[in-house]
1. Hey, if you put +1 on the Cβ of every Lys and Arg and -1 on every Asp and Glu Cβ in the chain, which of 264, 130, 167 ends up farthest toward the positive end of that dipole?
2. Residues with amide H under 5 Å of residue 117's amide H, sequence separation 5 or more or different chain, H placed in the peptide plane at 1.01 Å from N; which?
3. Dipole of the chain (Lys/Arg Cβ +1, Asp/Glu Cβ -1, origin at the Cα centre): which of 252, 345, 384 lies farthest to the positive side?
4. Running a GNM on the chain with Cα contacts under 10 Å, which residue among 252, 72, 360 ends up with the highest mean-square fluctuation?
5. Among 307, 286, 99, determine the one that fluctuates most according to a GNM of the chain built with springs between C-alpha atoms less than 10 Å apart.
6. How much net charge surrounds residue 82 when only other residues with a Cβ under 11 Å from its Cβ are counted (Lys, Arg +1; Asp, Glu -1)?
7. Enumerate the calculated ³J(HN,Hα) couplings along segment 304-321 in order (Karplus 6.51 cos²θ - 1.76 cosθ + 1.60, θ = phi - 60°), each rounded to whole Hz, writing x wherever the residue is Gly or Pro.
8. May I ask you to evaluate 6.51 cos²θ - 1.76 cosθ + 1.60, the Karplus curve with θ = phi - 60°, for each residue of segment 122-134 and list the ³J(HN,Hα) values in order in whole Hz, giving x for glycine and proline?
Amino acid sequence: MAWKSYFKNLMKYEIMFLKAISERMKKMSSLMNEKASQLALDPERLQRALGLLDQAVADGITPGAEVVVARNGQTLKYACGTAEADTIFDCASLTKVVATLPLVLMLLEEGRLRLDDPVALFLPAFAVNGKSAVTIRHLLTHTSGLISFTDMHSHGWSRDEIIRFVLEQELQHEPGSRVVYSDMGYIVLGHLISELWGEPLDQAADRRLFQPLNMRDTWFRLPAGLPLDRVAPTEQYAGEEGPRQGEVHDENAYALGGISGHAGLFSTAQDLTRYAELWLGEGRCAGGRLLSSSAVRLAVRLQSGEASGGRRGLGWALKGDSLDASGDLLSAHSYGHTGFTGTSLFIDPACGVSVALLTNRVRYGRQTSVVRLRALFHNAIAASITDM
């Protein structure tokens, strides 16, 4: 009759396990409700919003997702699928607004440049092929007339050869006439930053931005010894044994050694939230003032003028831009940016909310998309706000 005793004990342990799970779920629900209250979010609506991420994982849209929603000085973290709290993601084009943009604004504040200065004033090689009238503002707003992107990674070029190739590009259309999202323009800006400060872009970003903001898990190149299981894997390239993990996904950024003004940054949702708080605070952070309020306000106003095809601030996509992923319910004052790997950061100063939503959707291949998921999620978060 030993088997009866065995199954009796097994059932006892199963009941104990289920009770423990139930208690844990109750505790998590209580903590979620408490956090929702601190952020002035409706708990039930918030749960529906977070459920969209669970469903995206279940539907095979992304293997994992992490989000940090911040409001009223409080943050709410949620991770699902293969992601965990503080998973490090390849941010892709979030690099443009999280590293390149603020460094250019700092140069502006220091009196080193003007937005309407010709780029060739600082980089004479850029003037060739009719680009003498292209300004720093044109590069920041994607109105320079430069091509969006091209293959610079399959030729075996050195970093210097790639930079020279970019500087010598011809224009595709008249500067200021059209918004055409361009990696090339931000590669130029990254090079400009390095030239003006006399140090590599990653060092300038770390010293002037990431350290003051206490962004402890944000780098262009991951530090030696960092456990790779903290890093979300991206796409598997032909000829590579497994998916890229800890190496930048963007091919051109990879060819540039992982350091570029257009892509290459790795970060967490929590660190990106620290960065968003700088913008919600109009340049202030816990350590003091890092940007002037005038620079912040300038960057989030329409700067692309009469150019067709988009609504851009300095770096940021504004409400109604062709790459705006804010959804329908965040206010007309919202702004943000996305990254090809599946990342996004959106900020709405009207309701004081920021949403850092990180996925690694390219793990399943480039055909999968989180475009609709972003808008749905932002709608659900906006709908959960109780004090507006």
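The values are calculated or read from the model by the stated rules, or taken from the named source; none is laboratory data. Because the structure is predicted, anything quoted here is derived from the model rather than measured. Note that each Cβ is placed from the backbone with ideal geometry, even for glycine, and that neighbours are counted across all protein chains shown. Ligands, DNA and RNA are stripped out before the accessible areas are found, and what is left, the full protein with its side chains, is counted by its heavy atoms. Shrake-Rupley method; radii C 1.70, N 1.55, O 1.52, S 1.80 Å.
1. The one lying farthest along the dipole's positive direction is 264.
2. Amide H to amide H, under 5 Å and 5 or more residues apart or across chains, residue 117 pairs with 136, 137.
3. Selected residue: 384.
4. 72
5. 286
6. Summing Lys and Arg as +1 and Asp and Glu as -1 gives -2.
7. 8, x, 8, 4, 7, x, x, 10, 10, x, 7, x, 6, 7, 8, 4, x, 5
8. So the J values, rounded to whole Hz, are 9, 10, x, 5, 6, 5, 5, 6, x, 9, 5, 8, 6.
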